[in-house]
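Have a look at the structure below, then the notes.
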């Protein structure tokens, strides 16, 4: 792409993102994101699920800018709690606790916080640039995708989701499968038959994405948190001296660069995202370090790398969502939900049909990152005080908004019952150690896969060979097969388990 | 204490007065003061679709005309059956109406048992819009006119694919009507809504469609509009002939929208609302807003709407029988 069109696109983006309203939504997203990032037990997926119905009231641009802000905002906020309280505010900042909190204990909390925020900012800028450069050619390519290509790409995506899930492969597989089954409920597009509806007309259109996501993520998390004893009043360490030493900066440069690159790459992969990126970046730094035994005792590299990586990944995971309309993780599934509420079908055509929305959102990411540095560094004392709000009060407020939100989508009381049922179901899954994220991906991708499979078969007049005749489709399928093989090979499986254990 | 007594006395008087005055007055003529509180318009689809796009200007204009809020309630689900059922089962007091495309009335009940009767459950009030669209084809296929498309389809039976908004939707009926009248074979590919179908039409994965969302792409030169599926030409495409002009009379069956009241609603209220609908439909402002959506506004009395619904249902039943369209 020429520099000229690139600049024109960015100018359009700036004109959308820098209106007073959209700056406001961006700030709102960044603030909410930081807040829930700081608070352990409220994640971006749950928050976005709870806010989805509210976004219907906003213009599409404002809604998506805000939702995006929540995601990357949470990456900033999560590190604060991790460093100061030794609790991961966000699952993607789990590894930050290892060295970050040790630094805080040694009185270097300010340095750790500053490096985390600046590293995140740097990573955010680079990743935003990556989207600007990569999105247009990718979405042009995607416009040539036929149903069989989409189908094979989704097979690949689901295989990735299973391989990259942090827990047991078998459970991840089970969850994906269960999600696909739940996705089958409703009226079949090709025959008009209703499936698994038991004659209940509320189920004819299938289970709604918002009630399911809200239940499994939002409500279940609230139940789980309420069953835990509160243990947050540990937040006592005082922060002084927010300026990192020259030594800290010097040692952080390379880890930030490596973290940004690795995180950016892992963010694009289906099933990847911020959590995987931070784990991998930490492991990589440990491998490369001349003194790996010192990790866990307050090494600045152990803060710089994963914090840059998680933010880079949070940003680049927007690429497959924006260009293909395919969610690479649960957060992107939420973004897709947000688009669909506004009647926008996610896919390669969004960039052409809604260029203002597309580029505005991307520019807002950079603005949002800038806001977050300002929000996080000087105001750190304020955020830490958030930890003193008793969870039992927060929980009631969240539940309240949840019920109103879901009801207002379709004015249907039954959907409120559905979130209650899925809340209990999600809690059960949590107790069983099953991750709900693959469930959500299966729920979203399963029916899409079915539709594309049958559409491809219909268009080929019943010839299944189309899946291997199209070069794109064939490539995706082969890649998926290789990946699956790898998971089954024992040595690779052990390496994968070790990688996740290192972090924990 | 005195205060309380005074209040109690006042309450008694008020109660007695309402017993003697209020209730008989209501029973006498509920239509006279109608509407004296907000009116609900049920739309049987989710926000953002064509029904919503057409319904919102109507709610706005009716609110202005009556000085009472007409509030839209989106009750989507089950291809429109849930919202339509809700409207059918509310009290016929003149404060709840249904604004729906013909699909829930003259198509869905022919394909599936619905929890309402399209004729017995409702009183038609007015027709609030007809969609003016037509068949489009991807330019890479070759045919540039309707006639060429028919010749192409006859030479290559089953080679063309048509993307519809879904099974049993009005656009599928358009296709089946075309196949039957022109004697050609085109593959029907159902999508989830017209936006989804358009995504596959633009790269020529399917070759044809018949929805209003394709018209901007016709203007941009990316698709070819072959004909108009309406009794008159589209003002934005004055050179494109209607099906009747092309030699297929009685094939121009429009997708139309109506406002209906639950059966039992007082006739005075229905007439009052119809009069305002006709008045609004005549205004230039409303015409312009609807034309932007490729919608025209026919003026009809409640009786004419009822007759039109009956004819529409009969015509659709023929197409469904001949094309053998089935849901569960």
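Observations on the structure shown:
- Centre-to-centre, using Cα atoms only, segment A:139-216 and segment A:432-462 are separated by 4 Å.
- Taking a point 7 Å from the Cα of residue A:483 along the Cα-to-Cβ direction, the residues of segment A:121-151 with backbone N closer than 15 Å to it are A:150-151.
- Each of A:173, A:400, A:121 was scored by other Cβ atoms within 10 Å of its Cβ. Listed from fewest to most, they are A:400, A:173, A:121.
- For segment A:372-491, convex hull volume per residue from C-alpha positions, Å³: 277
- Spherically averaged projected area of the convex hull of Cα atoms, segment B:136-225: 5.0 nm².
- Full extension of the chain between residue A:389 and residue A:254 yields a length gain of 44.8 nm, computed as 0.36 nm times the residue separation minus the alpha carbon distance.
- Restricting the calculation to Cα atoms, every distinct pair contributes to the Kirkwood radius of segment A:283-432, found to be 19.7 Å.
- Taking one quarter of the surface of the convex hull spanned by the alpha-carbon atoms of segment A:3-501 gives a direction-averaged projected area of 23.2 nm².
- Within the protein assembly as shown, DSSP assigns beta bridges of which about 60% are antiparallel (rounded to the nearest 5).
- Within 10 Å of each Cβ in B:191-204, the average number of Cβ atoms from other chains: 4
- Of all DSSP beta bridges in segment B:125-278, antiparallel share, percent nearest 5: 60
- Between helix B:170-182 and chain B: long-axis angle, C-alpha atoms, 0 to 90°, nearest 10: 40
- Tilt relative to chain A, helix A:391-410 - C-alpha long axis, 0 to 90 degrees, to 10: 30
- Projected label points at residue B:236 and residue B:147, each 7 Å from Cα along the beta carbon direction, are separated by 2.7 nanometres.
- When A:25, A:383 are sorted by how many other C-beta atoms sit within 10 angstrom of their C-beta, beginning with the fewest, the order is A:383, A:25.
- With each label modelled as a point 7 angstrom along the Cα→C-beta vector, the residue B:219-residue B:140 pair spans 2.5 nm.
- Cβ-based exposure ranking for B:180, A:366, in which fewest neighbours within 10 Å come first: B:180, A:366
- One chain, two ends: residue A:191 and residue A:246. Fully extended at 0.36 nm per residue, the span grows by 13.1 nm beyond their Cα-Cα distance.
- Estimated FRET transfer efficiency (residue B:283, residue A:463; beta-carbon r; R0 56 Å; 0.05): 0.50
- Within segment B:136-225, DSSP assigns beta bridges of which about 45% are antiparallel (rounded to the nearest 5).
- Efficiency of FRET between residue A:475 and residue A:144 - r from beta-carbon atoms, R0 22 angstrom, step 0.05: 0.95
- D (Stokes-Einstein, µm²/s), Kirkwood Cα radius, chain B, 0.692 mPa s at 37 °C: 152
- Sorting the segments A:197-204, A:452-459 by their residues' average number of neighbouring beta-carbon atoms within 10 angstrom, most packed first, yields A:452-459, A:197-204.
- Averaged over peptide B:74-81, the number of partner chain Cβ atoms lying within 10 Å of each residue's Cβ comes to 5.
- Full-stretch length increase - residue A:169, residue A:11 - with 0.36 nm per residue and alpha-carbon distance subtracted: 52.4 nm
- Residue A:382 versus residue A:413: modelled label distance in nm, points set 7 Å from Cα along the beta carbon direction: 4.2
- Here, the protein assembly as shown yields an orientationally averaged convex hull projection of 41.3 nm² when only Cα atoms define the hull.
- Coarse-grained scattering of segment A:275-346 at q = 0.17, 0.21 Å⁻¹, given as base-10 log I(q)/I(0) from a Debye sum over alpha-carbon atoms: -0.66, -0.82
A short reminder: the numbers here are calculations on the coordinates, not readings from a lab. Note that the structure is a prediction, hence the values are computed from the model and not measured. Glycine also receives a Cβ, built like all others from the backbone with ideal geometry; neighbour counts cover every protein chain displayed.
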